[in-house]
Structures are given as C-alpha cells and as structure tokens.
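Structure, as structure tokens:
The values are calculated or read from the model by the stated rules, or taken from the named source; none is laboratory data. In this text the structure is predicted, and so the values were computed from the model without any measurement. Here the Cβ is made from the backbone with ideal geometry for all residues, glycine too, and neighbour counts use every protein chain on show. Ligands, DNA and RNA are stripped out before the accessible areas are found, and what is left, the full protein with its side chains, is counted by its heavy atoms. Shrake-Rupley method; radii C 1.70, N 1.55, O 1.52, S 1.80 Å.
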Amino acid sequence: MIYLKSLLSNLYILAFLSGLITFFIANRIYPPLIWTLRHKELMDEPDHRSTHGEITPTMGGVGIHISFTFTLIIFASIIGLQSEDLIRILALMGATMILLFLGVKDDLVAVTPKKKIMGQVVAAAIVVLLADIRLFSFEGLMGIGVLPYSVSVLFSIFVLVAMINAFNLIDGVDGLAGGIALVVSATFGIFFLLNNNPLFVLVSFVLIGAIIGFLRYNLSEKNKIFMGDTGSMVVGFLLSFQALAFLELNALETSPFSVSNGPIMVLAVLSYPIMDTLRVFVLRIRDGRSPFSADRNHIHHRLLRLGMKHKQVALLLVFVNVFLIEFAFLTNDFLIDTQFLMVLGTVPFVFTLPFTNVRKLLPKMFA
C-alpha cells in the first residue's frame, strides 16, 4: 500500500490509472445493466421527437455514477487526501446521489419540472455551501471583480442548475453528450494536472473513464444504451463542478499554471450546451411558446435533417467545440471584454454554419 501510494503521488500516473480502472469497471457494469433494463422493460420508446426508431434501454447514467463513485472512493482512500478535500468529495457524492435518484425517477415515471429544479438546487447548494466550490470573481469581465459572498453563492447555484439542464438538452443523438463531456473533462483535467491538484485530477479523469465506458455501449449497434436524464444530470453537474473549480484555482496567485480571462475560457469549453440551450429558448419565445416546451429544433436535429448520421453529427459538434477552446486559448492575451465579444460572436457562427445558407452571407456575385 505504501508503494502504491508513492506511485500515485505522480499525478500523471494517478490520472491514467484512475481513468483506466473506471473504464474497466464501467465495462463490467453495462452488460448486466442493459440485460436488467431489457428484462424489466425499462426502455425508451420512440415518439414524434425521437431521433431513434427502436426501443432502447435508458438510464445509462446508473453505470456512469456507479463506476465514477466507486473508483473515486478507492483512489481517494489510497492517496490520502487532506480533510478539506475529503469534505469536498463527500459533498460531491451526496449531491450526485440526489441527482441520480431524481434522474432514475424521471426516467421511470417522470418528475414535474418544479420538483426537478428543486432537487437540482438542493444538490447544487450542497456543493456550494459545504464544499465551498463557487465563483469568487468575474476577473474584471464587464467591470465586475470579486463577488460578495451572497451573490457568489446564489450565482454559483444558478450556474450549476443551468448547466445540469443545458447538458440534459444536448443529449439527443448517439455519442454527442458523451463526446462533449470527454472534451470538457479532459480540458479541465489537463489544467488540474498542471496545477498539481489531486482531488480535481481524480474527478476529471475518473469521469473520463466512466464516459468512455458508457460510449462503448452508447455507440454500439447491438447492445445500445442511452444516457437518459439519470446520466445527463449527473454528468452536467460534474462538468459544471469542474468549471467552478477551474475558476477557483485559476484565480489563485499561488497556482503554478493559470490562463488569462478564466471566465471566457469556461464559456468556450462549455460553449455547445450553452449555445444550443440559448438558441432553442430564443426560438421558442419568438414563436410564442414556453422556453421549456419540447421540440426538434436543437442544432443536432437540424444536422440530422441535412442527412447526417448520429456519429457524424456528434463528431462534427465535438470538433467545433475543440476548435472554440483552441480559439479562446489563442486569444486569451486580449483584454477580457474584447475576448468576450470575440468569443460571443464566434460561437453562434461556427455552430450554426453547417446548416446556414452560406450564399446569403456572401456578396450577390456568389448567389
């Protein structure tokens, strides 16, 4: 055990082994989980909004949560985290447990939006208040610096709840939610590695292993399973948790590595779920409907109507998300408000370009 603890003191080995073992655990969980869901007929049946034509097991988030939680506990016990980090892990597990049960109930019998939001607020408050993971400062964006404690708490809870629901909305085609989650968690994970933070390294790379294990079956033709609300809420929460942790570490003067304009980097990393959610909300309000009403007007729906397949849609949107992260990184020497406007203009353009009539954007000579 002493040798293992010494080995895992190298955070790169910790990241690799924790992700690998989580992947193997997830691989062992999904076959019996899929069999049980089929046997109990806990399936997602296609309706007018579905992008699939066959009934498919849902609640893939159960496998993600079990493999994530089990591996996180094992590795946290081995490396011997400080008491502050242990409290954060306990708060995180408590919050994700609430979201897991909320998602399972919603996948089985449906939960009213009001009750769902209330459960999400409770989960977010646990992490913000007990683990003290919150947004401390806007770093000068729009002239806003350090936030008062009450504003910081309320805004952080809002961010967590908003991202839970935004991530839930993008889970519409095979591989998309999982692919975006991989990009986001890997980006934050590399930052945590460079800052020598074992707790957040564990959270990022254990989640990566759990997501890869899920994607193996989500992308399968014969043994497919959907993430479901069970998974999208838990994963969306864990990604926004990492985003707040990133902003906390990035603002510390003692951090070995930091990037300029941290809030803008977070917007770029989470650009797809943010962009897609804002877009459909605006379109629904424009049409006189509730922003929470369901439709088939998400970006992935538009791409499917162009004749693209699920994997092609997922790959394209993941690639665009990576491009925007790189764009934000390359422009982070600009003033924060300038970079904010640059990213704000680029994000909607690149995500909607594939289904935009480009000729309308060009001079008439190209018409």
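Under 15 Å Cα-Cα from Lys115, which aspartates and glutamates qualify once same-chain neighbours fewer than 8 residues away are excluded?
Here the aspartates and glutamates satisfying the reach criterion relative to Lys115 are Asp106, Asp107, Asp229.
Compute the signed sum of charges (Lys and Arg +1, Asp and Glu -1) over the other residues within less than 12 Å, Cβ to Cβ, of Ala314.
In short, 0.
Work out how much length Ile117 to Glu54 would gain on full extension: take 0.36 nm times their residue separation and subtract the Cα-Cα distance, in nm to one decimal.
Result for the pair: 19.7 nm of gain on full extension.
Please identify, among Met142, Met265, Met93, the residue showing maximal mean-square fluctuation in a Gaussian network model of the chain using a 10 angstrom Cα cutoff.
Met142
Residue by residue, what Karplus-based ³J(HN,Hα) values in Hz, rounded to whole numbers, does the range 162-170 have, using 6.51, -1.76 and 1.60 with θ = phi - 60° and x for Gly and Pro?
Once rounded to whole Hz, the list reads 4, 6, 4, 6, 5, 5, 4, 6, 7.
Hey, what's the chain come to in accessible area per residue, 1.4 Å probe, Å²?
Roughly 47 Å² per residue, with all protein chains present.
With n ≥ 4 as the cut-off for DSSP H runs, can you work out [θ] at 222 nm for the chain, using -39500 (n - 2.57) per run divided by the number of residues, rounded to the nearest 500?
One gets -23000 deg cm²/dmol as the mean residue ellipticity at 222 nm.
Among Thr338, Thr71, Thr230, whose mean-square fluctuation peaks in a Gaussian network model of the chain (Cα, cutoff 10 Å)?
Thr338
So what are the ³J(HN,Hα) numbers for the range 299-314, from phi and the Karplus equation (6.51, -1.76, 1.60; θ = phi - 60°), rounded to whole Hz, Gly and Pro as x?
With coefficients 6.51, -1.76 and 1.60, one gets 4, 5, 5, 4, 5, 4, 5, 7, x, 6, 8, 3, 5, 5, 4, 4 Hz.
Rounded if a/c is under 1.5, else prolate if a/b beats b/c, else oblate: with a ≥ b ≥ c from the C-alpha gyration tensor eigenvalues square-rooted, which is the range 156-266?
prolate
Could you give the longest part of the chain that holds none of the GluC sites (Glu not before Pro) found in DSSP loops with at most 15 neighbouring Cβ atoms within 10 Å?
55-220
Using a probe of 1.4 angstrom, how much of the accessible area of the chain is carbon and sulfur, in percent?
In the chain, the share of accessible area belonging to carbon and sulfur is 68 percent.
Whole Å is fine, so just give me how far the alpha carbon centre of the range 212-227 lies from that of the range 266-325.
21 Å
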